Amino acid sequence: MAIIRLSAAERKRISIFITCLLLAVTAWMFYSLSLKYDYQLKTLVTFKNLPQNKAFYPLQSDTVILNVQGTGWQLLFNRIGVGSKEIKVDLASLQRQHFVTFTEQLPAINQQFSSLQRIISVQPDTLFFDFTTRKVKRVPVKFIADVNYKKQFGQSKDIQLKPAYITITGPLEQLQRISYWETDTFRKKNVDASLAAKVNLKQPLEPNISLFPLSVEMQLPVEEFTEKVITIPVRVINNPEYHQVKIIPEKVTLTVMVALSYYADITEEDFTVIADLSLWRKSGASKLPVVIKNKNAYVKISQVMPQQVDFMILK
């Protein structure tokens with residue numbers, strides 16, 4: 001394949017040509033992007049100035065199409081996801097009617113956007129609402145957490161929320177489906193001490209649901225845990241014929257992780273170890289697995305020895 005060799009003068013002319021071409025393309029792009037264009041933008045609708053004495057259902061989708069006039073720059077930014085993704089609609093007029101029109105609110109809506117673009121119209125132009133009587137309901141708060149503890153540390157007692165209940169207001173049909181309200185997810189890593197924080201409640205997905213208060217105070221007790229070994233007698237259950245049953249061994253040994261503050265308070269009374277004799281009657285099992293019932297949710301069982309026991313039916 002022949003190699004084209006260019007002189008220094010030819011290389012210089014080609015370099016100048018490419019530079020001029022790039023400058024011309026750049027100038028053309030800037031000129032084109034500076035021109036005005038009409039385009040459409042799909043946008044989420046949110047509400048402000050909600051009626052205080054009415055519950056309402058929007059009778060259409062929560063998105064609308066904006067007919068926009070703006071520069072090529074604004075069109076480019078909107079296409080790549082830069083810029084406003086929602087518009088706020090004022091519902092003050094719902095005190096006297098069951099609909100709002102975008103035509104009346106275009107000046108206020110345009111204030112939410114850059115001066116380089118103007119909202120000409122909105123599709124649909126009118127939003128309709130169905131009204132019901134607002135009801136009030138008191139529900140418990142459900143704390144949502146993603147907490148990671150340092151080794152040997154963990155939650156030692158129940159989480160305290162203040163307030164533990166909140167008031168929700170909205171249409172009766174929606175309130176009947178709500179039995180609790182979640183917080184935003186509280187995240188923390190490498191925790192080795194008790195925590196206290198203000199946690200926001202999750203925002204309602206429906207605009208006609210309101211909450212009070214909007215946040216709660218949380219206290220998460222955290223302590224260091226240590227091992228404790230406890231010996232518990234095995235109790236036989238499901239022995240309707242009152243057989244005399246001998247368990248071998250008669251006791252099992254539990255290794256548990258206990259918070260230091262109540263290490264001395266945890267005794268065999270906090271656990272029940274049972275062996276179900278019905279397994280022998282139904283399947284002829286030669287050994288019975290032991291089942292542990294733990295009264296304290298924050299005492300963690302790390303080992304059970306043995307996990308199965310032998311038994312003899314005495315006649």
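The values are calculated or read from the model by the stated rules, or taken from the named source; none is laboratory data. The structure displayed is predicted, hence computed values, not measured ones. Virtual Cβ from ideal backbone geometry, glycine too; neighbours counted across all protein chains shown. The area values use the complete protein model at the heavy-atom level, side chains included, leaving out ligands, DNA and RNA. Shrake-Rupley method; radii C 1.70, N 1.55, O 1.52, S 1.80 Å.
Checking Glu268 against (1) touching a strand residue (DSSP E or B) at 6+ places or on another chain (Cβ under 7 Å); (2) modelled with pLDDT under 90: exactly one of these is not met. Which one?
All conditions pass for Glu268, except number (2).
Would you check if Asp130 is among the acidic types (Asp, Glu), part of a strand (DSSP E or B) and closer than 20 Å to Ala297 by Cβ?
Spelling it out, it is not the case that Asp130 is among the acidic types (Asp, Glu), part of a strand (DSSP E or B) and closer than 20 Å to Ala297 by Cβ.
I need the full set of residues from region 33-72 which are at pLDDT below 75 and under 30 Å from Leu172 (Cβ atoms), in order please.
Pro51, Gln52, Asn53, Lys54, Ala55, Phe56, Tyr57, Pro58, Leu59, Gln60, Ser61
With respect to Lys137, determine if the residue is part of a strand (DSSP E or B), free of Cβ contacts under 8 Å to residues at least 24 places away in the same chain and either of a type in the set (Asp, Glu) or open to solvent by 50 Å² or more (accessible area, probe 1.4 Å) (or both).
no
Give, as residue ranges, the strands (runs of 3 or more DSSP E) completely inside region 198-315 that count at least 2 residues that are surrounded by fewer than 16 Cβ atoms within 10 Å (Cβ to Cβ) and more than 38 Å from the chain's Cα centre (by Cα).
Once the strands (runs of 3 or more DSSP E) in region 198-315 are filtered for at least 2 residues that are surrounded by fewer than 16 Cβ atoms within 10 Å (Cβ to Cβ) and more than 38 Å from the chain's Cα centre (by Cα), what remains is 222-237, 244-248, 251-259, 287-294, 308-314.
Inside region 123-156, can you point out the residues that are out of contact with any Asp or Glu (no Cβ under 6 Å at 6 or more places or on another chain), hydrophobic (A, V, I, L, M, F, W, C) and at pLDDT 85 or above?
Val136, Val139, Val141, Phe143, Ala145, Val147
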